[in-house]
Amino acid sequence: MLATLSGAGLASAAGLNAYIPLLLAGLLSRYTGLLDLGGGWQWLEHPVTLVLLGLLLVLEVVADKVPAVDSVNDVVQTVVRPTSGGITFGAGSTSFTPDLQSADGTSWGGIVAGVLIALVFHLLKAAARPVLNTVTFGVGGPVVSTLEDITSAFMSVVAIVIPVLVLIVLPATLGLGVWAWRRRRRRKRREAEAPRLPGAAGPPDG
């Protein structure tokens with residue numbers, strides 16, 4: 001149970017930011033006793049891996065704060081975030097139950113589950129961002145991106161330290177994402193239909 005919750009929490013965090021849960025998992029495994037990565041995942045705590053993840057995190061954080069660039073980044077991250085979700089789910093779950101690993105040190109069921117969970121969160125994020133940028137003229141994107149980074153870090157820590165809280169945090173975050181996405185879509189639809197309302201200015205007939 002704890003293994004699944006930990007993996008799901010890390011994978012959902014990866015759907016918001018691919019590198020935060022990977023970096024946290026590596027750092028906590030290397031420098032603390034909070035996470036004990038299985039043999040198939042110890043490469044995450046290697047110094048070279050940690051430096052590379054740190055550099056990629058900086059690039060991700062900057063790119064996700066720039067309107068238009070964030071949408072291009074989301075296209076690229078369609079592959080990266082689900083991949084990160086699969087890795088973090090596998091690493092997080094097997095740290096609690098090493099027997100879930102196969103002969104090569106991986107948990108393929110967990111990896112697939114992590115990919116799917118991260119993909120759902122990524123798609124919600126990617127779909128909502130262009131609408132948000134349009135509605136707020138690009139001002140809201142950096143604010144929401146910062147909140148997403150904070151949420152990703154918080155969910156990662158919770159998934160590792162108190163995985164049972166994932167039962168609360170994960171549905172709440174998913175529900176908030178769905179609500180925000182639907183609300184922005186309705187607002188965009190209303191703005192698109194506004195010129196066709198009676199009395200509204202529009203192109204001349206004929």
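The values are calculated or read from the model by the stated rules, or taken from the named source; none is laboratory data. The structure displayed is predicted, hence computed values, not measured ones. In this analysis, Cβ positions are derived from the backbone assuming ideal geometry, glycine residues included, and neighbour counts consider all displayed protein chains. Protein only, heavy atoms only, side chains kept; ligands, DNA and RNA dropped before computing areas. Shrake-Rupley method; radii C 1.70, N 1.55, O 1.52, S 1.80 Å.
Has region 61-82 got at least one residue that is over 27 Å from Leu132 (Cα atoms), of a type in the set (A, V, I, L, M, F, W, C) and open to solvent by 30 Å² or more (accessible area, probe 1.4 Å)?
No, every residue in region 61-82 fails to be over 27 Å from Leu132 (Cα atoms), of a type in the set (A, V, I, L, M, F, W, C) and open to solvent by 30 Å² or more (accessible area, probe 1.4 Å).
Kindly provide the set of residues from region 135-145 that are open to solvent by less than 60 Å² (accessible area, probe 1.4 Å) and in a helix (DSSP H, G or I), ordered by number.
Val135, Gly140, Gly141, Pro142, Val144, Ser145
Which numbered condition trips up Thr94, out of (1) in a helix (DSSP H, G or I); (2) at pLDDT below 80; (3) over 24 Å from Leu34 (Cα atoms)?
(3)
Would you call Val80 in a helix (DSSP H, G or I) and out of contact with any helix residue (DSSP H, G or I) (no Cβ under 7 Å at 6 or more places or on another chain)? Walk me through it before giving the result.
Values: in a helix (DSSP H, G or I): yes; out of contact with any helix residue (DSSP H, G or I) (no Cβ under 7 Å at 6 or more places or on another chain): yes.
Yes: the conditions hold for Val80.
Here are the criteria: (1) assigned to a helix (DSSP H, G or I); (2) modelled with pLDDT under 90; (3) exposed (fewer than 14 other Cβ atoms within 10 Å of the Cβ). Tell me which single one Val158 does not satisfy.
With respect to (1) assigned to a helix (DSSP H, G or I); (2) modelled with pLDDT under 90; (3) exposed (fewer than 14 other Cβ atoms within 10 Å of the Cβ), Val158 is out only on (3).
Are any of the residues in region 162-175 assigned to a loop (DSSP other than H, G, I, E, B) and at pLDDT 70 or above? Give the steps one after another, and end with the answer.
Keep residues of region 162-175 that are assigned to a loop (DSSP other than H, G, I, E, B), which gives 162.
From what is left, the residues that are at pLDDT 70 or above are 162.
Checked against the condition, which is being assigned to a loop (DSSP other than H, G, I, E, B) and at pLDDT 70 or above, region 162-175 yields at least one hit.
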